[in-house]
Amino acid sequence: MMSDHHKSDFRPETSESSGIGGPDGQDLEPIRCAEQVHQPSRGEAQLTLRAVLTGCALGCVVASMNIYFGLKTGWSIGGSLIAAILGFSIWKILAPIGARQLSVLETNIAQTSGSAAGSMTSAAGMLSAIPALGLMGVEFSYFQLAGWALAVGFLGVFYAVPLRNQMVVVEKLRFPTGTATAETIVSMNSAGGAGDALRQARMLLLWALVAAVFTQVKYFYPIIEHPMFANLIAGPDVTAAIKGGEAVEAAGWVVLYVTAGAWGFSLLFSPLMFGAGILIGPRVGTSLLLGSILGWAILGPWSKSAGWAEGPIMSYADGPRGWLLWPGVAIMIADAFANLALSWRTILNTFRPGRSDLEDGEMLEPPSMLIPNLWWMGGLGTASIITMVVAHSVFGIPWWMTLLAVAMSSVLAMIATRSTGETDINPIGGMGKVTQLAFGAVAPGQADVNVLAASITSAGASQSGDMMQDLKTGRLLGASPRKQILAQLAGITCGIPICAAVYKLFDSQYEIGVDESFPAPAANAWKAMAELLSGGFDQLPTHAGWAIAGGALFGVLLPVLRKTVKPIAPFVPSSLAMGIAFLVPAYYSVAMFLGSMILVYWRKLSPASAAALAIAVASGLIAGEGLTGVLAAIESLIGMPEGEGIGAAWQWITGSSPDS
């Protein structure tokens, strides 16, 4: 996927399976499987303090930017490749002052701890369940939030351990991200790979700096992010009149332009959204644009003109935004269940007795490298008890309900992990929705219990899939699973206080899920599902029930078409992305679509450059805006003037008056 660094002491080309040394006389570990891409030397540095700390630090950066990114888009990005590339590059850059670059196995430890810390935002429900509960009026203190993250964050790690031998060692499921990460790490340690890694790191940091500067300037001059072109074209008075539905004397195209802007079809200059578009690619980017047109240009205006949603456009209470929520959520949920149903073979394979023998010439790691049963069984038991205690003491959930959720989580995590191994898609949303349906029957009328139970399941699926990707990387590199799980636990421990603090920071400064700046589409979907199951259809806006039925049908149709009609599969839109487009302002979808078109043009202009650098550039854009967005929230918290120009900020800093 991407290539990077090499140190001659750890050359993967010396791979005789005899385990007795390669051309340079090294004493090597044996090759344990045919797909192994690196043969470590005996005693190669692995679980070192610097590798763990490097990964944890980078993972905390990823966790922070994921809060910002996820509350805007409903998605998050993994930290594996970022931690591997930057972790390696940091120590490579320090080589002239005597630092030793990371070995292959140290880089693997850095990416393991980095991905663990970075994934805590989604594992702890801070993009879905937690803001959904906030929308339902449930408040969290910092320590309650950190306690909940601690409770659920470790479950999936221990679910993954007993599945490793079957899914990674025996069946050799691909786990595409884990495989790509292993190949990237080996490439970084190959001849010439270090230069490629440093180039990727430089591009990531360069575009992060560009995005950071833009985002900080935007704090003082918000107009640069979302220019009011309608005011320039029609004038503020005419624009206000058109948005208010008044008749005006203006050219038809002016009225159309201003009206489109009122419904969200405007230009958003957001490095993060452009970076997200590069990551998701043209199919998903185009799906977002199509979804925004269907929702905000067709169904939304129809609901308003028909009198079903007569309030302001962006009102959840009585406006088109609140009406569009329901078909959008229906599309997302139907997509989740349709994809689960279409993966029925994967589900059956999860519970079908599989091959338990190794192929000729393959072997397990020695006992000293394997994870002892006592570790994962004791860890799973302890994590379950902590989850029950926190759920009861903080939320008043009976212990047996939590135990039921943990039991469901263990089963659904197996399905999610196999899906991740076969397709690289971890169906976290689908797992959560299954639990929400189950607890709709177990705890009727209790929307908060419904959301929290689903959070336990999604945490198990998220962490189990993430851990197995790391274990796949380790298997391909000849790493010690025992040392990897220690790195994973270290990453989770570091990620918990950081992501809890960043979430509370945003929660204190913004109305998450309501403000257009942080629409939290995943949270609104979870909230809607829970309230529908607990309150029934009577609470819906006028004719929203029919919209739900149509959305559900649409959400099932597209995955079925993509799965069954192979010739058109690359052109079938993503129903999940189209559903998300109903829940976020249209300008978000337009910006991500433009980002995906940047990737299309880049691939056409320079395919090799795009293949090597697209992920680095996109990650830099997301990281730069995401981290500076955290800084902006801190600036707002301490009272620095926002939107009043740099002069006002400088006066606030220096304590001077405007006249002095």
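The values are calculated or read from the model by the stated rules, or taken from the named source; none is laboratory data. Everything quoted here is computed from the prediction, not taken from an experiment. Neighbour counts run over all protein chains shown; Cβ positions are idealised from the backbone, glycine included. For the accessible areas, the whole protein counts, side chains as well, though only heavy atoms, and no ligand, DNA or RNA atoms are used. Shrake-Rupley method; radii C 1.70, N 1.55, O 1.52, S 1.80 Å.
Points to keep in mind about this one:
- Unique residue being closer than 21 Å to LEU145 by Cβ, of a type in the set (S, T, N, Q) and assigned to a helix (DSSP H, G or I) when the list is THR420, THR402: THR402
- Looking at ASP357, ASP335, just one residue is at pLDDT 70 or above and of a type in the set (Asp, Glu), and that residue is ASP335.
- Scanning segment 264-277 for residues that are assigned to a helix (DSSP H, G or I) and open to solvent by less than 10 Å² (accessible area, probe 1.4 Å), we see that the one that is nearest to ALA212 (Cα to Cα) is LEU272.
- Segment 52-75, residues that are surrounded by 24 or more Cβ atoms within 10 Å (Cβ to Cβ) and not in a helix (DSSP H, G or I): GLY74
- Of the residues making up segment 207-240, those that are modelled with pLDDT under 70, over 19 Å from TYR588 (Cβ atoms) and either basic (Lys, Arg) or crowded, with 17+ Cβ neighbours inside 10 Å (or both) are ALA234, VAL238, THR239.
- Only one of LEU627, LEU613, LEU631, LEU594 that is surrounded by fewer than 18 Cβ atoms within 10 Å (Cβ to Cβ) and under 24 Å from the mean Cα position of the chain (by Cα): LEU631
- The sole residue among VAL560, VAL565 that is without any contact (Cβ under 8 Å) to a residue 40 or more places away in the chain, among the β-branched types (Val, Ile, Thr) and either touching a Ser or Thr at 6+ places or on another chain (Cβ under 7 Å) or open to solvent by 50 Å² or more (accessible area, probe 1.4 Å) (or both) is VAL565.
- The sole residue among SER287, SER315, SER292 that is without any contact (Cβ under 8 Å) to a residue 60 or more places away in the chain and either in a helix (DSSP H, G or I) or over 23 Å from the mean Cα position of the chain (by Cα) (or both) is SER315.
- Pairs with Cβ under 6 Å, 6+ apart, first in segment 595-622 and among the charged types (D, E, K, R), second open to solvent by less than 70 Å² (accessible area, probe 1.4 Å): ARG603/ALA610
- Residue match in segment 449-460 (condition: at positive phi and crowded, with 24+ Cβ neighbours inside 10 Å): no
- Here SER80 meets each of (1) within 27 Å of ALA405 (Cβ to Cβ); (2) open to solvent by 10 Å² or more (accessible area, probe 1.4 Å); (3) of a type in the set (Ser, Thr, Tyr) with one exception, condition (1).
- Every condition in (1) open to solvent by 10 Å² or more (accessible area, probe 1.4 Å); (2) touching a residue at least 12 places away in the same chain (Cβ under 8 Å); (3) assigned to a helix (DSSP H, G or I) is met by PHE582 except one, and the failing one is (1).
- Only one entry in VAL389, VAL394, VAL411, VAL406 is among the aliphatic types (A, V, I, L, M) and exposed (fewer than 15 other Cβ atoms within 10 Å of the Cβ), namely VAL389.
- Among the residues of segment 38-86, those that are of a type in the set (Phe, Trp, Tyr) and closer than 14 Å to GLY629 by Cα comprise TYR68, PHE69.
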